[in-house]
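Step one of this worksheet: look at the structure below.
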Amino acid sequence: MIKFINFFENIDKSKNGIAVNNEVYDISSIYPDSLMKLISDGNLNNESFHNELINNLDKLPKSNYHFSDLQNSNQNDSFGLNIPYIPSEVWACGVTYLRNMELHEQDIEESDGFKGLYSYVYDSERPEIFFKALGHHCVGTNEYITIRSDSNETFIEAELAMIFNSQGDVIGYTAANDITAWDIEKECPLFLNQAKIFKGSCVLGPCIVPEKFIKSPLNLDVNCKLIRDGELIYEGNGSTKNMKRSISEFKDYLFRNNIISDGTVFCTGTAIGIPNDMYINDGDFCHIEVEKIGLIKNQAQKIIINT
Ligand code: DO4
Ligand code: MG
């Protein structure tokens, strides 16, 4: 398996690389700018390009760090992983798992809100596809995520994300945190954009895995952790095998009468229904791990004033 990454070490703040068997090689001589180029030139999921890389590993500069060192690094370390590339658009699908639908319905019931909405969407033939982010709303692992100044119940959403090319092929996968101001969303469904789209509302990373290395995307374990003052206060586990929708359904509805550019990211819905009192506090750390892809971890920052 090859994982494509953007990493930094010491004074080099952005290098494109590959991780093979935990070793990290610098491919910046082939891709000097963004890994987006790898997507637009068709090489991300191209087997002969992968073989060429594998056969020439000894000619590529090797990092002093392993992939696991970069992935587990902390905010102030001089080495780590950046967001793999800045996508032009991120879309998402909601209510794709029964457990999340049930928890949302239960919370709506208790708060006297729009009852039945989430069960309607879960059962509906048309999936709930919504716009999630532009590139400037997205961050990578170890960057700050945001709790909006006007939200007191913001949640982690641990998701498998697909990477599309403009033709509608799924060419890779990454992990995502679709951070959601649930109190704003549950007050009124028409507030969804405000609940979903704000700066630091979407984490992507830690790498891109080409599609051909993930044989069963709908059978991946997903884990998330909420850590407060160094203590694990919540851990949840899920699996993409419980996803109600298929990949072809996502593609069909996302591309219907729409223009989608290379490298568009699509978050497939939260695989873990988090209890309604486990919202994120200022300073908490949120970890999300998707099997075969890796770990993204971020500290939350509550915005106090409106900046
Ligand atoms: O409107 C609800 C969106 C829910 C969501 O983002 C998810 O299920 O992941
Ligand atoms: Mg979501």
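The values are calculated or read from the model by the stated rules, or taken from the named source; none is laboratory data. Please read these numbers as outputs of a predicted model, since none were measured by experiment. Every residue, glycine as well, gets a Cβ built from its backbone with ideal geometry; the counts of neighbours run over all protein chains shown.
Contact map, the stretch 251-270: first residue more than 11 Å from ILE163 (Cα to Cα), second residue at pLDDT below 95 and within 16 Å of ligand 2 (Cβ to nearest atom), Cβ cut-off under 8 Å, separation 6 or more or different chains; pairs are GLY269/ASN100; THR270/ASN100. Does TYR144 satisfy the condition of being of a type in the set (Phe, Trp, Tyr) and within 12 Å of ligand 1 (Cβ to nearest atom)? Taking the combined requirement at face value, the residue does not satisfy it.
Considering the conditions (1) among the small types (Gly, Ala, Ser); (2) more than 22 Å from ASN100 (Cα to Cα); (3) touching a His at 6+ places or on another chain (Cβ under 9 Å), SER261 is excluded by exactly one of them, (3). Please find, among LEU226, LEU218, LEU192, the residue that is without any contact (Cβ under 8 Å) to a residue 40 or more places away in the chain and more than 13 Å from the chain's Cα centre (by Cα). Only one candidate passes the filter, namely LEU218. Scanning the stretch 262-296 for residues that are of a type in the set (S, T, N, Q), in a loop (DSSP other than H, G, I, E, B) and in contact with an Asp or Glu (Cβ under 7 Å, 6 or more places away or on another chain) gives THR268, THR270, ASN276. Residues in the stretch 195-230 that are within 15 Å of ligand 2 (Cβ to nearest atom) and either within 19 Å of LEU81 (Cβ to Cβ) or not small (Gly, Ala, Ser) (or both): LYS196, ILE197, PHE198, CYS202, VAL203, LEU204, VAL222, CYS224.
Which residues, counting only those in the stretch 148-174, are within 16 Å of ligand 2 (Cβ to nearest atom) and either without any contact (Cβ under 8 Å) to a residue 24 or more places away in the chain or of a type in the set (Val, Ile, Thr) (or both)? Selection gives THR154, ILE156, THR174. From the list TYR253, TYR279, the lone residue that is crowded, with 19+ Cβ neighbours inside 10 Å, of a type outside the set (D, E, K, R), within 16 Å of ligand 2 (Cβ to nearest atom) and more than 18 Å from the chain's Cα centre (by Cα) is TYR279. Just the residues that are touching a residue at least 40 places away in the same chain (Cβ under 8 Å) and either surrounded by 19 or more Cβ atoms within 10 Å (Cβ to Cβ) or not in a loop (DSSP other than H, G, I, E, B) (or both), please, taken from the stretch 111-128. Answer for the stretch 111-128, where residues must be touching a residue at least 40 places away in the same chain (Cβ under 8 Å) and either surrounded by 19 or more Cβ atoms within 10 Å (Cβ to Cβ) or not in a loop (DSSP other than H, G, I, E, B) (or both): LEU117, TYR122, PRO127. Among the residues making up the stretch 131-178, those that are within 20 Å of ASN258 (Cβ to Cβ), in contact with a strand residue (DSSP E or B) (Cβ under 6 Å, 6 or more places away or on another chain) and outside any strand (DSSP E or B) are HIS137, ASN165. Candidates in the stretch 88-97 are the residues that are within 16 Å of ligand 2 (Cβ to nearest atom) and part of a loop (DSSP other than H, G, I, E, B); of these, the one that is surrounded by the fewest Cβ atoms within 10 Å (Cβ to Cβ) is VAL95. The residue list PHE131, PHE79, PHE67 contains one member that is surrounded by fewer than 16 Cβ atoms within 10 Å (Cβ to Cβ), at pLDDT 95 or above and not aliphatic (A, V, I, L, M), which is PHE131. With respect to the conditions (1) small (Gly, Ala, Ser); (2) surrounded by fewer than 21 Cβ atoms within 10 Å (Cβ to Cβ); (3) within 16 Å of ligand 1 (Cβ to nearest atom), SER48 lacks only one, and its number is (3).
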